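*Asks:* My questions will all concern the structure given below.
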Amino acid sequence: MGAPEKSENFKQRAHDALADPNLKTAIERTTGTAETKRAAAIGAFPEFQAARVRGAAIKDHVIANLDHYLIEFERNATEAGAHVHWARDAKEAAAIVTRICTEAEAKIVTRAKSMLGEEIGLPHALEDAGIERVETDLAEHIIQLAHERPSHIIWPAMHRTREDVAELFFKDHQPPPDADDPASMVASARRVLREKFMAADVGISGANFLVADTGATCTVTNEGNAELSTTPPRIHIVTAGIEKLVPSTDHAMALLRLLVRSATGGEVTQYTTFHCGPKRVGDADGPEEMHIVLVDNGRSRMVGDEFRQMLRCIRCGACMNHCVVYRQIGGHAYGGTYPGPMGAVLTPVLDGLAASRDLPHACTLNGRCEEVCPVRIPLKTLLKAWRVRSWDSQQEVGAVRMGLGIWGFAARRPRLYHFGTRLALPVMRLFGKGGWIRKMPLAGGWTETRDLPKPAARSFMSQHAKYGNGGPK
Amino acid sequence: MSARDDIIAAVREGLKRGQGGALPRRAPAEIRAEAAALLAGLDEIRPSLVTPDPVEAFIQKCANPALGVTLDRVAGWAALPQAVTGYLDRHELPHRLAVSGDPRLSALGPGIETHAPCAPDEAAAISIASWGVAETGSVVIHSAPDQPILNAMLPRHWLVVVEAAKILPFLDDYATFASLRPRNAVLITGSSGTTDIEGYFVRGAHGPGFVHVLLIG
Ligand code: SF4
């Protein structure tokens, strides 16, 4: 696992990503399919809009009563025999998990994909503690072999082509896959990971929901790796953000309908599992101990301001699948744990605005993200809120402030503005060829990795002056 | 202060700030009532069944190729062994199954060898589901002394018996049974699959690649 990149140097990473044509192909294939499948699933669910409103209301209700639900969940989970731990921040959370593992003298730990685990730096912490970490989600397995971080919250290996995966598996799997088609490679991963599932001492999962009235945690997967990670080992550890609470299983079901359709276009995942305490007397299988680590890491701060609405997020990934910026640069360029629009809102909370001020700016504000968000998070508004904070806290560099200052001055003086554009447009047209500008002085930052559309032969204003509101006859 | 106290205090502090400086103290009963009200009029926020009869809807859902499930209707428990051997023969599998301690399975019939526990590379295992869900074509198992979760996860072929009388219309109808609070409640919908390599759908990622539902009655 490579060191997690910080969210600084966004521009450099975005630039490198734009220059990588393979990356764009890989991302486009998966996000394109995801977009189509989601659209079909929503089309077959006419109640979707009403369900979204209700989903948002459920999450808002939980956040407005978060203290109540945390205490209720703790009481019920404890009563079911689970140990509930609390972690103020990432470091504390990772330390709790590694302590449980080392005290249990764990040698092999299986992990079922959890973005919160990434957020608290669990992969690193386990490795530092000398514990063999086995990622069991197929995509996480791929990126573990490649020593990378996830680039998407649902498809962590989205940036890897089939050829890349074949290369990794042929190098690492013993015996190697039979062939380099996806089916053979999946079969090979199944073989390799099966041994690990059965040999693990501890299984670690996240939680899609924490059910307050039963004390159960809920995981959803399509592969079945969560169940195989949490059943055979002696200890099951859950790490979950405090915003994952729902009042009851019924509420979880209402959100589940939104989550799965928005994530993969399915109606439900193949496996939806509620884990409630450790193995009971006489049970045929299951872990002897269950630990639940409730992680704050900035969430309680969000409760008090406009970012409260971000705590609705059910991590479906739809906002990134529909984001024009994400689809150009991929997840790694964002630098934080969470990419795309939701990442651009969350990363400043987690890593601080100073280190991530570019993220809220890397957005066209086209609003697709909030149109598809199943819990109606006003992502655009929240991104704008970060921009305002960034501006107010003087995070903007001198050149940007000056540029915007000049633009603002001209924009308030229409004559000056039109004079400027009348001068600039004919010059720009000189550099255009076949409708596109490939290179132009002062525009290298744009044209190095993409073309700029050549300005139209006549500007809107000049045509409007000529034809008026009716347009050309 | 402990981390727990700190977090709860920080949440309350945030709530106070977010709600204009005062933390509205509400009785748990009031909070519960508000939560319940959020689930009023479920039909407005869930899809309708493909057909009104839950059993028929369940069968139709299972026929959806995306699920990767096959289904046989079985007249009654007495006809189960025959249905099981029929499936094993179709897939050219030996008449050998991992089972649980459930007496309805250990005596599947003279021609079928049964054993426990399920091996990591088991070819086929059989379980009895407690319920089916028509909305999604799911079956539900609750962990118990005679219900090993691994029997549903380890084999290449998973056979699952469910009684028609136990088909519930919606996911919400199952949610009522969550109050039984088993260690594990697993809703299984189709066979295991992944789209992690370039979005190609491949069956049998970690769990069973084949799921066969035996619908009794
Ligand atoms: S912000 Fe909305 S769309 Fe994006 S991951 Fe969260 S719930 Fe999904």
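*Asks:* Determine whether A:PRO341 is in contact (Cβ under 8 Å) with a residue 40 or more places away in the chain, within 16 Å of the ligand (Cβ to nearest atom) and over 22 Å from A:GLN12 (Cα atoms). Spell out how you get there, then give the answer.
*Replies:* Details: in contact (Cβ under 8 Å) with a residue 40 or more places away in the chain: yes; within 16 Å of the ligand (Cβ to nearest atom): yes; over 22 Å from A:GLN12 (Cα atoms): no.
The answer is no for A:PRO341.
*Asks:* With respect to A:PHE197, is the statement that it is more than 13 Å from B:THR195 (Cα to Cα), among the aromatic types (Phe, Trp, Tyr) and at the interface with chain B (Cβ under 10 Å from one of its Cβ atoms) true?
*Replies:* Details: more than 13 Å from B:THR195 (Cα to Cα): yes; among the aromatic types (Phe, Trp, Tyr): yes; at the interface with chain B (Cβ under 10 Å from one of its Cβ atoms): yes.
Yes, satisfied.
*Asks:* Can you find even one residue in the stretch A:238-246 that is away from the ligand (no atom under 16 Å from the Cβ) and open to solvent by 10 Å² or more (accessible area, probe 1.4 Å)?
*Replies:* Within the stretch A:238-246, not a single residue is away from the ligand (no atom under 16 Å from the Cβ) and open to solvent by 10 Å² or more (accessible area, probe 1.4 Å).
*Asks:* In the stretch B:7-53, how many are outside any helix (DSSP H, G or I), among the aliphatic types (A, V, I, L, M) and surrounded by fewer than 14 Cβ atoms within 10 Å (Cβ to Cβ)?
*Replies:* 3
*Asks:* Any chance the stretch B:147-158 includes a residue that's more than 7 Å from chain A (Cβ to nearest Cβ) and part of a strand (DSSP E or B)? Lay out the reasoning, then the answer.
*Replies:* Looking only at the stretch B:147-158, we keep the residues that are more than 7 Å from chain A (Cβ to nearest Cβ), and these are B:151-152, B:154-158.
Pick out the ones that are also part of a strand (DSSP E or B) and you get B:157-158.
Yes, the stretch B:147-158 contains at least one residue that is more than 7 Å from chain A (Cβ to nearest Cβ) and part of a strand (DSSP E or B).
*Asks:* Might you let me know whether the stretch B:170-179 holds any residue that is at positive phi and either within 7 Å of chain A (Cβ to nearest Cβ) or not in a loop (DSSP other than H, G, I, E, B) (or both)? Reasoning before the result, please.
*Replies:* If we filter the stretch B:170-179 for residues that are at positive phi, which is where we start, we get none.
No, the conditions are met nowhere in the stretch B:170-179.
*Asks:* Considering every residue within the stretch A:65-74, establish whether at least one is in the same structural domain as A:HIS152 (by TED's automatic domain parsing), under 30 Å from B:GLY207 (Cβ atoms) and in contact (Cβ under 8 Å) with a residue 12 or more places away in the chain.
*Replies:* Quick first cut of the stretch A:65-74, residues in the same structural domain as A:HIS152 (by TED's automatic domain parsing) only: A:65-74.
Checking which are under 30 Å from B:GLY207 (Cβ atoms) leaves us with A:73.
Now narrow it down to the ones that are in contact (Cβ under 8 Å) with a residue 12 or more places away in the chain: A:73.
The answer is yes, given that some residue of the stretch A:65-74 is in the same structural domain as A:HIS152 (by TED's automatic domain parsing), under 30 Å from B:GLY207 (Cβ atoms) and in contact (Cβ under 8 Å) with a residue 12 or more places away in the chain.
*Asks:* If you go through the stretch A:126-157, how many residues are out of contact with any strand residue (DSSP E or B) (no Cβ under 9 Å at 6 or more places or on another chain), over 17 Å from A:GLU223 (Cβ atoms) and surrounded by 20 or more Cβ atoms within 10 Å (Cβ to Cβ)?
*Replies:* 2
*Asks:* Considering every residue within the stretch A:353-360, establish whether at least one is more than 16 Å from the ligand (Cβ to nearest atom), under 22 Å from A:ILE27 (Cα atoms) and more than 14 Å from chain B (Cβ to nearest Cβ).
*Replies:* To start, the set of residues in the stretch A:353-360 that are more than 16 Å from the ligand (Cβ to nearest atom) comprises A:353-358.
In the following step, the residues that additionally are under 22 Å from A:ILE27 (Cα atoms) were identified as A:358.
If we keep only those that are more than 14 Å from chain B (Cβ to nearest Cβ) as well, we get A:358.
Yes, because at least one residue in the stretch A:353-360 is more than 16 Å from the ligand (Cβ to nearest atom), under 22 Å from A:ILE27 (Cα atoms) and more than 14 Å from chain B (Cβ to nearest Cβ).
*Asks:* Counting just the residues of the stretch A:99-120 that are more than 14 Å from chain B (Cβ to nearest Cβ) and in contact with a Lys or Arg (Cβ under 8 Å, 6 or more places away or on another chain), which one comes out farthest from A:ARG190 (Cα to Cα)?
*Replies:* Restricting attention to the stretch A:99-120, the residues satisfying the condition of being more than 14 Å from chain B (Cβ to nearest Cβ) are A:100-109, A:114-119.
Adding the requirement that they be in contact with a Lys or Arg (Cβ under 8 Å, 6 or more places away or on another chain) leaves A:104, A:108-109, A:115, A:117-118.
Details: A:ALA104: 27, A:ILE108: 17, A:VAL109: 17, A:MET115: 22, A:GLY117: 23, A:GLU118: 23 Å.
Among them, the one singled out is A:ALA104.
*Asks:* Let me ask something additional. Inspect all residues belonging to the stretch A:254-269 and state whether any of them is among the polar types (S, T, N, Q), free of Cβ contacts under 8 Å to residues at least 60 places away in the same chain, more than 16 Å from the ligand (Cβ to nearest atom) and touching a strand residue (DSSP E or B) at 6+ places or on another chain (Cβ under 7 Å). Before you say what the answer is, go through the steps one by one.
*Replies:* Of all residues in the stretch A:254-269, those among the polar types (S, T, N, Q) come to A:262, A:264, A:269.
After this cut, where a residue has to be free of Cβ contacts under 8 Å to residues at least 60 places away in the same chain as well, the list is A:269.
Applying the additional criterion that residues be more than 16 Å from the ligand (Cβ to nearest atom) yields none.
Checked the stretch A:254-269: no residue is among the polar types (S, T, N, Q), free of Cβ contacts under 8 Å to residues at least 60 places away in the same chain, more than 16 Å from the ligand (Cβ to nearest atom) and touching a strand residue (DSSP E or B) at 6+ places or on another chain (Cβ under 7 Å).
*Asks:* On to the next question. Please determine whether any residue of the stretch A:427-441 is in a helix (DSSP H, G or I) and open to solvent by 70 Å² or more (accessible area, probe 1.4 Å). Walk me through it before giving the result.
*Replies:* So in the stretch A:427-441, the residues in a helix (DSSP H, G or I) come out as A:427-430.
Adding the requirement that they be open to solvent by 70 Å² or more (accessible area, probe 1.4 Å) leaves A:427, A:430.
The answer is yes, given that some residue of the stretch A:427-441 is in a helix (DSSP H, G or I) and open to solvent by 70 Å² or more (accessible area, probe 1.4 Å).
*Asks:* May I ask you to say which residue of B:LEU23, B:LEU105, B:LEU49 is touching a helix residue (DSSP H, G or I) at 6+ places or on another chain (Cβ under 7 Å), within 13 Å of chain A (Cβ to nearest Cβ) and either touching a residue at least 12 places away in the same chain (Cβ under 8 Å) or under 20 Å from B:SER130 (Cα atoms) (or both)?
*Replies:* Values: B:LEU23 fails: either touching a residue at least 12 places away in the same chain (Cβ under 8 Å) or under 20 Å from B:SER130 (Cα atoms) (or both); B:LEU105 fails: touching a helix residue (DSSP H, G or I) at 6+ places or on another chain (Cβ under 7 Å).
Testing whether each residue is touching a helix residue (DSSP H, G or I) at 6+ places or on another chain (Cβ under 7 Å), within 13 Å of chain A (Cβ to nearest Cβ) and either touching a residue at least 12 places away in the same chain (Cβ under 8 Å) or under 20 Å from B:SER130 (Cα atoms) (or both) leaves just B:LEU49.
*Asks:* For the stretch B:192-217, what are the residues that are at pLDDT 90 or above, surrounded by fewer than 24 Cβ atoms within 10 Å (Cβ to Cβ) and in a loop (DSSP other than H, G, I, E, B)?
*Replies:* Passing the criteria: B:GLY209, B:GLY217.
*Asks:* Kindly indicate whether any position in the stretch A:295-310 is more than 14 Å from chain B (Cβ to nearest Cβ), within 13 Å of the ligand (Cβ to nearest atom) and out of contact with any strand residue (DSSP E or B) (no Cβ under 7 Å at 6 or more places or on another chain). Step through it out loud before you land on a result.
*Replies:* Restricting attention to the stretch A:295-310, the residues satisfying the condition of being more than 14 Å from chain B (Cβ to nearest Cβ) are none.
No, there is no match, as no residue in the stretch A:295-310 is more than 14 Å from chain B (Cβ to nearest Cβ), within 13 Å of the ligand (Cβ to nearest atom) and out of contact with any strand residue (DSSP E or B) (no Cβ under 7 Å at 6 or more places or on another chain).
*Asks:* Tell me, please, whether a residue that is within 16 Å of the ligand (Cβ to nearest atom), among the small types (Gly, Ala, Ser) and touching a Ser or Thr at 6+ places or on another chain (Cβ under 6 Å) can be found in the stretch A:221-229. Steps first, answer last, please.
*Replies:* Of all residues in the stretch A:221-229, those within 16 Å of the ligand (Cβ to nearest atom) come to none.
No; the residues of the stretch A:221-229 include none that is within 16 Å of the ligand (Cβ to nearest atom), among the small types (Gly, Ala, Ser) and touching a Ser or Thr at 6+ places or on another chain (Cβ under 6 Å).
*Asks:* Sticking with this one: Just the residues that are within 12 Å of the ligand (Cβ to nearest atom) and in a loop (DSSP other than H, G, I, E, B), please, taken from the stretch A:317-330. Spell out the reasoning first.
*Replies:* From the stretch A:317-330, those within 12 Å of the ligand (Cβ to nearest atom) are A:317-323, A:326; that's our starting set.
Correct list: A:GLY317, A:HIS322, A:CYS323.
*Asks:* Scan A:ARG389, A:ARG438, A:ARG401, A:ARG413 and give me the residue that is more than 16 Å from the ligand (Cβ to nearest atom), over 20 Å from the mean Cα position of the chain (by Cα) and in contact (Cβ under 8 Å) with a residue 24 or more places away in the chain. Break it down stepwise before answering.
*Replies:* Working: A:ARG438 fails: in contact (Cβ under 8 Å) with a residue 24 or more places away in the chain; A:ARG401 fails: in contact (Cβ under 8 Å) with a residue 24 or more places away in the chain; A:ARG413 fails: in contact (Cβ under 8 Å) with a residue 24 or more places away in the chain.
Testing whether each residue is more than 16 Å from the ligand (Cβ to nearest atom), over 20 Å from the mean Cα position of the chain (by Cα) and in contact (Cβ under 8 Å) with a residue 24 or more places away in the chain leaves just A:ARG389.
*Asks:* With in contact with a strand residue (DSSP E or B) (Cβ under 9 Å, 6 or more places away or on another chain) and within 14 Å of the ligand (Cβ to nearest atom) as the only criterion, which of A:ILE292, A:ILE314 stands out? I'd like the intermediate steps shown before the answer.
*Replies:* Numbers: A:ILE292 fails: within 14 Å of the ligand (Cβ to nearest atom).
Of the residues listed, the single one that is in contact with a strand residue (DSSP E or B) (Cβ under 9 Å, 6 or more places away or on another chain) and within 14 Å of the ligand (Cβ to nearest atom) is A:ILE314.
*Asks:* Hand me the list of strands (runs of 3 or more DSSP E) wholly inside the stretch B:63-143 holding 3 or more residues that are open to solvent by 20 Å² or more (accessible area, probe 1.4 Å). Let's see the steps before the verdict.
*Replies:* On the way: elements: B:69-74, B:96-98, B:113-115, B:124-128, B:131-133, B:138-142.
Answer list for the stretch B:63-143: B:69-74, B:113-115.
*Asks:* I've got another one for you. From the list A:ALA189, A:ALA179, A:ALA183, A:ALA216, which residue is small (Gly, Ala, Ser) and either at pLDDT 95 or above or under 28 Å from A:ARG312 (Cβ atoms) (or both)? Show your work before the answer.
*Replies:* On the way: A:ALA189 fails: either at pLDDT 95 or above or under 28 Å from A:ARG312 (Cβ atoms) (or both); A:ALA179 fails: either at pLDDT 95 or above or under 28 Å from A:ARG312 (Cβ atoms) (or both); A:ALA183 fails: either at pLDDT 95 or above or under 28 Å from A:ARG312 (Cβ atoms) (or both).
The match here is A:ALA216.
The values are calculated or read from the model by the stated rules, or taken from the named source; none is laboratory data. For clarity, every value in this text was computed on a predicted model and none was experimentally measured. Glycine also receives a Cβ, built like all others from the backbone with ideal geometry; neighbour counts cover every protein chain displayed. Side chains are part of the model used for accessible areas, which takes the heavy atoms of the whole protein and leaves out ligands, DNA and RNA. Shrake-Rupley method; radii C 1.70, N 1.55, O 1.52, S 1.80 Å.
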